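Structure record follows, encoded as structure tokens.
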Amino acid sequence: MQLFLSSFETVTGLPDFIGYIFVFIFGAIVGSFLNVVIHRVPNEESIIFPNSACPNCKNSIKPYDNIPLLSWLVLRGKCRNCKSAISPRYPAVELLTAIIFTVVFWQIGFNAFLPVALIFVASIVSLIFIDAENMILPNVITYPLLVFALFVRVLFPLFLENAYFTDLNIYPLNRMEDYPLWLVSLIGAILGALVGGGSLWLVGEIWKRLRGVEAMGLGDVKMMFAVGALLGWRLTLLTIFLGAFTGAVIGIVVISRQKEKDFQAQIPFGIFLGIGSIISLLLGEQMIHWYTETFLPK
Ligand SMILES: [Zn+2]
């Protein structure tokens, strides 16, 4: 999506590296919040109250022991009070979010689409970790993400530049010049949602009829409605391809290492679709461009 890169330096007058440091720190702070979401949302607990507490001794964690990344290092991964181990998942989510935010900033640039992309990847990161741990993709995240995507697809063409949605330049949306841009963008969002969620739903239904087992959770379908609405049909197809590819590779590795082969084992597919959607958002257009330049006849 580097098409509309506008640099932090030209907008603020500050050197770019200041922007990167700021975004990295901001990412770590958001990652710290995502830890709360990942931990509490599957249990239907409030993400605001009460304050974080040690899961072992229930002592509430002091603000100075709750600094993203640093506190875990200073405390050497142990609770200050009871010395029980704090899961390395906490700093891992903080570090991962910080890194992804930095890459988003690098790829998207400093513009109105940046907060949209950050909200999107933050939601996806929380879904990935919740799916890995609980094998669910909660509605309280997927539904708002879908509504958010639809809002963005309508509001951006109305009030801001429209360069952010690359599906506007390709078939069939590029044939709709006679219609207002916000409507074309909304149609693109619905088309993307149908391609994303609809195709997964169809595959799941066919599989269920043929094999009599549930292959695809509805959570995956809802997540891909949201992904499709924001990214458009082409980047959504790429997301499914990347998700299926990484899922298959990891599935083969996992099964080949099992002593008792369990081919029916449920794979939290949302993890791979989530990874695929972040790659598609950040690098999808470049990947498609590279592919068509390399393999398709001129
Ligand atoms: Zn403790």
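The values are calculated or read from the model by the stated rules, or taken from the named source; none is laboratory data. Since we're looking at a predicted model, the values are computed, not measured. Methodologically, a virtual Cβ is constructed for each residue, glycine included, from the backbone with ideal geometry; neighbour enumeration extends over all protein chains shown. To get the accessible areas, we keep the full protein, side chains included, count just its heavy atoms, and leave off ligands, DNA and RNA. Shrake-Rupley method; radii C 1.70, N 1.55, O 1.52, S 1.80 Å.
Which of the residues belonging to the range 186-222 are in contact with an Asp or Glu (Cβ under 9 Å, 6 or more places away or on another chain), touching a residue at least 24 places away in the same chain (Cβ under 8 Å) and either open to solvent by 80 Å² or more (accessible area, probe 1.4 Å) or not small (Gly, Ala, Ser) (or both)?
LEU191, LEU200, MET216, ASP220
Check ILE288, ILE250, ILE279, ILE255 and return the single one that is at pLDDT 95 or above and assigned to a helix (DSSP H, G or I).
It is ILE279.
Do the conditions hold for TRP106, that is, is it at pLDDT below 95 and away from the ligand (no atom under 16 Å from the Cβ)?
Yes; evaluated as a whole, the condition is true for this residue.
State yes or no: is VAL11 more than 16 Å from the ligand (Cβ to nearest atom) and modelled with pLDDT under 90?
Yes: the conditions hold for VAL11.
ILE128 - would you say it is more than 16 Å from the ligand (Cβ to nearest atom) and under 18 Å from the mean Cα position of the chain (by Cα)?
yes
Does any residue in the range 31-50 that is open to solvent by less than 20 Å² (accessible area, probe 1.4 Å) come within less than 8 Å, Cβ to Cβ, of a residue that is part of a loop (DSSP other than H, G, I, E, B) and at pLDDT 90 or above six or more places away or on a different chain, and which pairs are these?
GLY31/PRO68
Would you be able to say whether some residue in the range 227-241 is in contact (Cβ under 8 Å) with a residue 60 or more places away in the chain and either touching a strand residue (DSSP E or B) at 6+ places or on another chain (Cβ under 9 Å) or open to solvent by 30 Å² or more (accessible area, probe 1.4 Å) (or both)?
Within the range 227-241 (the criterion being in contact (Cβ under 8 Å) with a residue 60 or more places away in the chain and either touching a strand residue (DSSP E or B) at 6+ places or on another chain (Cβ under 9 Å) or open to solvent by 30 Å² or more (accessible area, probe 1.4 Å) (or both)), the answer is yes, since at least one residue qualifies.
Look at the range 36-53 and say how many of its residues are closer than 20 Å to ILE128 by Cβ, away from the ligand (no atom under 16 Å from the Cβ) and of a type outside the set (A, V, I, L, M, F, W, C).
So the answer is 5.
Restricting the first residue to the range 56-69 and requiring it to be in a loop (DSSP other than H, G, I, E, B) and of a type outside the set (A, V, I, L, M, F, W, C), which pairs with a second residue that is within 13 Å of the ligand (Cβ to nearest atom) and open to solvent by 70 Å² or more (accessible area, probe 1.4 Å) meet a Cβ separation below 6 Å and a spacing of at least six or different chains?
ASN59/ASN81
Okay, residues lined up against (1) among the charged types (D, E, K, R); (2) modelled with pLDDT under 90; (3) within 12 Å of the ligand (Cβ to nearest atom):
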residue: PRO55; (1), (2), (3): no, yes, yes
residue: ILE67; (1), (2), (3): no, no, no
residue: ARG80; (1), (2), (3): yes, no, yes
residue: SER84; (1), (2), (3): no, no, yes
